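The structure under discussion is supplied below as structure tokens; questions concerning it will follow.
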Amino acid sequence: MSEKPRKSIPASEQTVEDGATLLDPAWERQQRKTFTAWCNSHLRKVDITINEIEQDFRDGLSLIKLLEVIASEKLPKPEKGKMRFHKIANVNKALNFVKSKGVKLVSIGAEEIVDGNRKMTLGMIWTIILRFAIMDIAVEETSAKEGLLLWCQRKTQPYRNVSIRDFHASWQNGLGFCALIHRHRPDLIDYHSLDPENAIENLNLAFDVADKSLDIPPMLDAEDISTKPDERAVMTYVSSYYHAFASSSKAEMALKRIGNVLDVTMKNEDMMEEYEFLSSDVRTVT
């Protein structure tokens, strides 16, 4: 009897005997760094910092705070106890909130998070990032991942040596990040002086400028991105660019609207003054 052909396994995963999947070590390291930095970029608003992503969410308290910050909503009050069932109850409150937003949490349970299961914790945070940072991105007729990709393509299209087709290989030489920054803030980077052969230098330049001038914390390592970038890590970081520039654009539009209103108001006041002046002239003549 001939054996059934084995299903091919993506390069990013390997299968173990119990049917679970393990992340490629290099990609897992990138996701841990990126997801931790992403979480801290929001948690700093409530003076919380996490260091070990699979450990610091175990009691559910920081997880609840994270969701409250990114969703701008209050979650049910957490349990104060430190026993295992208290922690499970808190994590469940967080997971139930995520589910209430229309998200299916496949194979992610509170017990695994409380036990510090790294794979499940990374999967949970990625699901949260997708829902709250990427899903609502809409560009023309596309949304979520495709919308973010189209936004990157539109913004970087005029730039030489940049061809954004995905969220891994297209970013390896660093010029994609530099182009996004230059498109919105040309004063921050001299794009035309950059060499596509200097990938590490380009990547570090973009990460440094984004951190210091755009308030986007470093989430990636140049060495990792230049050799074997993880798609989820790159998407997470690029989504921070999208939101930073989208907020800036909204602020500029709001200022323009205010300016337009002030212009109209001033013109109206000038017209009123002219009318009163003309009226007084008419009264004087009569």
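The values are calculated or read from the model by the stated rules, or taken from the named source; none is laboratory data. Computed from a predicted model, the values in this text were never measured in an experiment. FYI the Cβ positions are ideal-geometry reconstructions off the backbone, even for glycines, and counts take in every protein chain you see. To get the accessible areas, we keep the full protein, side chains included, count just its heavy atoms, and leave off ligands, DNA and RNA. Shrake-Rupley method; radii C 1.70, N 1.55, O 1.52, S 1.80 Å.
Hey, could you check region 40-55 for residues that are part of a helix (DSSP H, G or I), open to solvent by 50 Å² or more (accessible area, probe 1.4 Å) and not aliphatic (A, V, I, L, M) and say which is nearest to Lys74 (Cα to Cα)?
From region 40-55, those part of a helix (DSSP H, G or I) are 40-46, 53-55; that's our starting set.
Then keep just the ones that are open to solvent by 50 Å² or more (accessible area, probe 1.4 Å); that gives 44-46, 55.
Then drop every residue that is not not aliphatic (A, V, I, L, M), which leaves 44-45, 55.
Working: Arg44: 17, Lys45: 15, Gln55: 23 Å.
So the residue we want is Lys45.
Can you pull out the residues in region 139-165 that are open to solvent by 10 Å² or more (accessible area, probe 1.4 Å), within 16 Å of the chain's Cα centre (by Cα) and not small (Gly, Ala, Ser)?
If the condition is that a residue be open to solvent by 10 Å² or more (accessible area, probe 1.4 Å), within 16 Å of the chain's Cα centre (by Cα) and not small (Gly, Ala, Ser), then Val139, Lys145, Glu146, Leu149, Leu150, Trp151 are the ones that fit.
Within 19 Å of the chain's Cα centre (by Cα), modelled with pLDDT under 55 and polar (S, T, N, Q), is that true of Ser249?
Numbers: within 19 Å of the chain's Cα centre (by Cα): yes; modelled with pLDDT under 55: yes; polar (S, T, N, Q): yes.
Answer is yes for this residue.
May I ask you to list the residues in region 104-133 that are buried (at least 17 other Cβ atoms within 10 Å of the Cβ) and assigned to a loop (DSSP other than H, G, I, E, B)?
Within region 104-133, Ile108, Asn117 qualify.
Next question, about the same structure. Consider Asp136 carefully, then state whether it is assigned to a loop (DSSP other than H, G, I, E, B), farther than 21 Å from Lys228 by Cα and either in contact with a strand residue (DSSP E or B) (Cβ under 9 Å, 6 or more places away or on another chain) or among the charged types (D, E, K, R) (or both).
Working: assigned to a loop (DSSP other than H, G, I, E, B): yes; farther than 21 Å from Lys228 by Cα: yes; either in contact with a strand residue (DSSP E or B) (Cβ under 9 Å, 6 or more places away or on another chain) or among the charged types (D, E, K, R) (or both): yes.
For Asp136, the condition - assigned to a loop (DSSP other than H, G, I, E, B), farther than 21 Å from Lys228 by Cα and either in contact with a strand residue (DSSP E or B) (Cβ under 9 Å, 6 or more places away or on another chain) or among the charged types (D, E, K, R) (or both) - is met.
Same structure again: List, please: which pairs have Cβ atoms under 7 Å, are six or more places apart or on different chains, and start with a residue in region 179-195 that is open to solvent by 60 Å² or more (accessible area, probe 1.4 Å) and end with one that is charged (D, E, K, R) and at pLDDT 95 or above?
Arg183/Lys155
As an exercise: evaluate Asp208 against (1) free of Cβ contacts under 8 Å to residues at least 12 places away in the same chain; (2) among the acidic types (Asp, Glu); (3) over 23 Å from Thr36 (Cα atoms) and give the number of the one condition it does not meet.
Unmet condition: (3).
Condition first: within 19 Å of Lys99 (Cα to Cα) and without any contact (Cβ under 8 Å) to a residue 12 or more places away in the chain. Now tell me which residues in region 111-170 satisfy that.
Scanning region 111-170 gives Glu112, Met135, Asp136.
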